[in-house]
Amino acid sequence: MEAARVAGDLIRRYIGRPEQTLIKSSPHDLVTEVDKACQDVIMDILSQMYPESAFLGEEAVAPGSVAATLAAQEADRRFLWVVDPIDGTLNFIRGLPACTVSIGLVVLGEPVVGVIYDPLRDEMFAGITGQGAALNGAPMRVSDVDDLSSALLASGLPTGDYRGKNAEQIRRFGYQVRNVRAFGSAAMHLAYVAAGRLDGFWENDLNAWDLLAGAVLVKAAGGEITDALGAPYTLETRHVAATNGRIHSELLRDLDVDHPLQSS
Ligand code: IPD
Ligand code: CA
Ligand code: CA
């Protein structure tokens, strides 16, 4: 939480006015000097506190499940911190107040801690596997909406090949559910599912750093998270579905994954 707050200070200070914006894997995928500065400060703080730490940070590796697998193997006997220094970089660049810091901890292959910090609302979402989750220190739980037609869902448009598939799913759910939001930060969506503000979230082709902390939060707050085919969430999951649990099977059914949407 301390590391997330320090990175959050940088986000608050520079939102809407980064000096350098670069294109990464596609024209939809951007990075700034502030993303890198946030990642550096998080890694500095955590490695000083826990010298045995290993890191899987967005700005240090190429996207994809390979990075997650390698990091998990390398970190076999150590703390593995999975870090998205700014989730919602495009919002950050454009001055839209929907950016979060996402930090998850994996120990011996198991996700155990999740922290998502929204510096613009000063909201700290934190959870520990098996021990519950809290928003600014107050216990939080998933919602109790139990039918898809009453659900408020969220999704996004991923930066790579699955954009079209995701857009088609958003169009379809648009007719079917109460409404669909797309705030532009997967970590924020997951934190909001955990807090009961949203009933479910899905998106294709995400990376470990988008998901790990949020996955811990959703489960610790009583929700459910799987891949788009219903297999249990792991560090390598890319196509994700996260809900309050009550609408999970309905959401999976209507994602309509009858095409080669594999989990990695
Ligand atoms: C992005 C955000 C966005 C999602 C994209 C991600 P970034 O992460 O989570 O909501 O739709 O797929 O890449 O690049 O801002 O860290
Ligand atoms: Ca991200
Ligand atoms: Ca990011």
Checklist outcome for this item: Per the filter on the stretch 184-195, residues surrounded by 24 or more Cβ atoms within 10 Å (Cβ to Cβ) and in contact with a Leu (Cβ under 7 Å, 6 or more places away or on another chain) are ALA186, HIS189, LEU190, ALA191, TYR192, ALA194
Next on the checklist: Anything in the stretch 147-195 that is part of a loop (DSSP other than H, G, I, E, B) and among the aliphatic types (A, V, I, L, M)? List them, or say none.
Outcome noted: ALA151, LEU157, VAL177, ALA182, ALA195
Checklist entry - Would a scan of the stretch 196-209 turn up a residue that is under 21 Å from GLU58 (Cβ atoms), of a type in the set (Asp, Glu) and open to solvent by less than 30 Å² (accessible area, probe 1.4 Å)? => result yes
Item to check | Residue match in the stretch 20-27 (condition: in contact with a Pro (Cβ under 8 Å, 6 or more places away or on another chain), in a helix (DSSP H, G or I) and within 14 Å of ligand 3 (Cβ to nearest atom)) | outcome: no
Next on the checklist: Please go through the stretch 78-119 and give me each residue that is away from ligand 1 (no atom under 16 Å from the Cβ) and more than 21 Å from ASP40 (Cβ to Cβ), ordered by number.
Outcome noted: VAL107, LEU108, GLY109, GLU110, PRO111, VAL112
Checklist outcome for this item: Scanning the stretch 210-226 residue by residue, the ones that are part of a helix (DSSP H, G or I) and open to solvent by 10 Å² or more (accessible area, probe 1.4 Å) total 3
Item to check | Among residues of the stretch 134-157, those that are within 15 Å of LEU190 (Cβ to Cβ) and within 16 Å of ligand 2 (Cβ to nearest atom), counted | outcome: 3
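Looking at ALA7, ALA60 in this structure, which one is under 15 Å from PRO85 (Cβ atoms), in contact (Cβ under 8 Å) with a residue 12 or more places away in the chain and open to solvent by less than 40 Å² (accessible area, probe 1.4 Å)? Before you say what the answer is, go through the steps one by one.
Numbers: ALA60 fails: open to solvent by less than 40 Å² (accessible area, probe 1.4 Å).
Result: ALA7 is the single residue among ALA7, ALA60 that is under 15 Å from PRO85 (Cβ atoms), in contact (Cβ under 8 Å) with a residue 12 or more places away in the chain and open to solvent by less than 40 Å² (accessible area, probe 1.4 Å).
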Next on the checklist: So the check is Cβ under 7 Å with 6+ separation or different chains; which pairs have a first residue in the stretch 25-36 that's of a type in the set (A, V, I, L, M) and a second one that's part of a strand (DSSP E or B) and within 14 Å of ligand 2 (Cβ to nearest atom)?
Outcome noted: VAL34/ILE86
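The values are calculated or read from the model by the stated rules, or taken from the named source; none is laboratory data. Model, not experiment: these values are computed from the prediction. With ideal geometry, Cβ positions are generated from the backbone for all residues, glycine too; neighbour counts draw on all protein chains shown. Remember, those area values only see protein heavy atoms, side chains included, never the ligands or the DNA or RNA. Shrake-Rupley method; radii C 1.70, N 1.55, O 1.52, S 1.80 Å.
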